[in-house]
Amino acid sequence: MATQNTRALARLMMAPSVGLLLIWMIVPLTMTLWFSFQNYNLLNPGNVSFAGLFNYQYFYTDPAFFQSIWNTLLIVVGVLMITVIGGIAIALLLDQPMFGQGIVRIMIISPFFVMPPVAALVWKNMIMHPGYGVFADFSRALGLQPVDWFAQYPLFSIIIIVAWQWLPFATLILLTALQSLDGEQKEAAEMDGANFVNRFIYLTLPHLARSVTVVILIQTIFLLGVYAEILVTTNGGPGYASTNLPFLIYRTALLGYDVGGASAGGIIAVILANIVAIFLMRAVGKNLDR
Amino acid sequence: MARAVSRRRTAIVTIAAWIVALIIFFPILYTIITSFKSETEAIQGFSLIPSGTIESYVAVQSQSNYFKPFMNSVILSIGSTLLALLVSVPAAWSMAFSPTKRTKDILMWMLSTKMMPAVAVLVPIYLIFRDTGLLDSRIGLTVMLTLINLPIVVWMLYTYFREIPGEILEAARMDGASLWGEIVYVLTPMAVPGIASTMLLNIILAWNEAFWTIRLTTTNAAPLTAFIASFSSPQGLFWAKLSAASTLAIAPILIMGWFSQKQLVRGLTFGAVK
């Protein structure tokens with residue numbers, strides 16, 4: 001009887017979180033799905049009609065659609081490559097004995113705490129600005145023509161900014177994983193005459209594999225939704241050169257007032273995110289069984 | 001000889017690490033330096049030595065009433081964190097101490113809600129907010145931030161609570177502690193550190209959230225994210241003012257972040273890396 005009471009109490013304690021998240025999951029998503037089959041424009045809200053698959057077709061045939069999907073993938077893959085490779089390198093460096101490790105750590109972790117609009121504006125104006133940015137100052141000092149980063153390489157510039165924000169995250173997690181590597185194993189490998197490269201390939205890398213997976217999956221969730229960085233730097237331009245899927249949906253919804261079209265795009269974004277999610281859930285779920 | 005080699009190696013590692021750290025930290029450092037320059041100084045080319053004027057800080061407050069978005073950020077991040085804790089402490093508690101067969105499924109499902117792209121529900125949320133008058137209101141945004149961070153809060157608390165040994169409870173019960181005594185004298189002291197670090201990380205995440213805070217506010221409820229984003233189309237000289245506003249916006253959270261490095265790893269990987 002006591003167990004029954006406990007169980008009822010346990011359920012009661014979970015009810016608020018589960019209920020809230022259930023509503024948060026179901027209500028807006030159902031609305032998005034519903035809107036995606038409607039002709040619904042905010043400029044003409046009295047005239048709503050069933051559209052069938054028209055919104056999907058419209059979104060699919062929009063030339064900006066494929067470019068935005070491509071850009072979304074480029075941002076995800078580009079940032080992942082920089083942060084994972086850079087993160088492993090920096091983590092290996094920080095794992096050595098040195099002077100002032102605490103301060104070094106603090107400096108390296110800092111970009112993660114900078115809010116996206118600040119990160120983007122600082123890079124846009126103070127670092128990459130073709131007239132007054134630090135890069136331009138250095139180019140001129142070397143006698144080179146300053147590069148107009150956001151006009152010439154808009155997507156690349158955004159990747160750099162986002163990578164700067166996420167590099168600390170990858171570094172910190174990989175460093176945590178490195179520090180849990182058994183010291184005796186390392187020593188044994190050293191005694192057996194394994195050099196640095198061999199130790200790295202056969203000992204460190206396998207040990208890091210799981211953390212790298214976690215880093216990739218978690219970053220992917222956030223990188224699929226990069227938004228503020230684009231908004232304050234290129235605004236998706238020039239043309240659609242730096243528009244990713246979230247930004248295209250935002251443009252369709254709040255600048256084009258096309259509720260139906262934006263909703264169809266939203267459903268596509270959900271499908272994309274779900275593909276990633278399945279993999280992440282597996283990786284995290286495994287840890288729970290431990 | 002080995003010692004000489006290792007000393008040289010330490011020196012090399014130290015220099016390399018400091019160079020890497022300074023490069024990564026440079027944009028933040030340069031922002032702080034520029035915030036103490038005058039506007040003309042700020043665009044005169046690369047210089048690491050500011051004149052030390054605080055006119056930009058004064059201008060940011062007097063021209064755009066910086067205090068208001070700052071307070072909004074404080075209210076939103078702390079409010080949503082407290083709300084999330086209120087809802088999730090009991091949930092995490094029951095999952096950690098009386099787990100059932102479905103506990104794992106519920107946890108995984110909660111995590112899956114975090115993967116819903118914000119932009120997919122932008123339209124319905126925007127319309128709901130518009131129709132209920134919640135657009136540009138602090139209450140609406142607080143609820144929003146609570147919801148998006150709730151899964152992380154539940155997960156983090158769960159991983160902390162799970163580490164509290166159940167035997168302690170049994171021992172307390174043997175000694176005749178009442179349920180109330182158990183909670184107040186045994187569990188709470190052990191749970192407080194976990195709750196505190198969860199709180200810290202959640203405040204950081206809420207402070208830096210930059211999708212809903214920008215899209216659902218205009219002026220009244222706009223926190224620092226939205227305020228800074230409005231600098232993207234500037235008129236006239238504004239480098240130093242931008243730097244001052246940015247420095248003020250990131251300083252509190254930077255300091256909190258430095259204290260929460262360890263918890264950060266755990267919270268953001270849902271306990272998968274510790």
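The values are calculated or read from the model by the stated rules, or taken from the named source; none is laboratory data. Everything numeric in this text was worked out from a predicted model, so none of it was measured. Neighbour counts run over all protein chains shown; Cβ positions are idealised from the backbone, glycine included. The protein model used for the area step is the full one, side chains on, heavy atoms only, and it has no ligands, DNA or RNA in it. Shrake-Rupley method; radii C 1.70, N 1.55, O 1.52, S 1.80 Å.
Couple of notes before you dig in:
- Among the residues of region B:119-130, some residue qualifies, meaning at least one is hydrophobic (A, V, I, L, M, F, W, C) and either surrounded by fewer than 17 Cβ atoms within 10 Å (Cβ to Cβ) or outside any helix (DSSP H, G or I) (or both).
Condition check ((1) open to solvent by 20 Å² or more (accessible area, probe 1.4 Å); (2) touching a strand residue (DSSP E or B) at 6+ places or on another chain (Cβ under 8 Å); (3) more than 7 Å from chain A (Cβ to nearest Cβ)) across all residues:
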position: B:Ser73; (1), (2), (3): no, no, yes
position: B:Gly79; (1), (2), (3): yes, no, yes
position: B:Ala84; (1), (2), (3): no, no, yes
position: B:Ser88; (1), (2), (3): no, no, no
position: B:Ala92; (1), (2), (3): no, no, yes
position: B:Phe97; (1), (2), (3): yes, no, yes
position: B:Thr103; (1), (2), (3): no, no, yes
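- Selection within region A:144-175 - of a type in the set (S, T, N, Q) and open to solvent by less than 30 Å² (accessible area, probe 1.4 Å): A:Ser157, A:Gln165, A:Thr171
- In region A:113-203, counting only helices (runs of 4 or more DSSP H) that sit wholly within it, the ones holding 1 or more residues that are farther than 25 Å from B:Ile43 by Cα and in contact (Cβ under 8 Å) with a residue 40 or more places away in the chain span A:154-179.
- Checked against the criterion of being among the aromatic types (Phe, Trp, Tyr), open to solvent by 40 Å² or more (accessible area, probe 1.4 Å) and more than 7 Å from chain B (Cβ to nearest Cβ), region A:64-79 contains one or more residues that satisfy it.
- A single entry from B:Thr40, B:Thr53, B:Thr10 fulfils the requirement of being open to solvent by 50 Å² or more (accessible area, probe 1.4 Å) and more than 25 Å from the chain's Cα centre (by Cα): B:Thr40.
- Count of region A:21-49 residues, restricted to those that are touching a residue at least 60 places away in the same chain (Cβ under 8 Å), assigned to a helix (DSSP H, G or I) and surrounded by fewer than 12 Cβ atoms within 10 Å (Cβ to Cβ), is 0.
- Answer from B:Thr159, B:Thr213, B:Thr218 - the residue that is within 13 Å of chain A (Cβ to nearest Cβ), surrounded by fewer than 17 Cβ atoms within 10 Å (Cβ to Cβ) and in contact (Cβ under 8 Å) with a residue 12 or more places away in the chain: B:Thr218
- Check on B:Ser178, open to solvent by less than 10 Å² (accessible area, probe 1.4 Å) and not hydrophobic (A, V, I, L, M, F, W, C): no
- Some residue of region A:84-105 being at pLDDT 90 or above, in contact with a Phe, Trp or Tyr (Cβ under 7 Å, 6 or more places away or on another chain) and within 8 Å of chain B (Cβ to nearest Cβ): yes
- Residue check, A:Gly52 open to solvent by less than 30 Å² (accessible area, probe 1.4 Å) and over 31 Å from the mean Cα position of the chain (by Cα): yes
- Test: residue in region A:5-12 that is exposed (fewer than 14 other Cβ atoms within 10 Å of the Cβ) and of a type in the set (Val, Ile, Thr): yes
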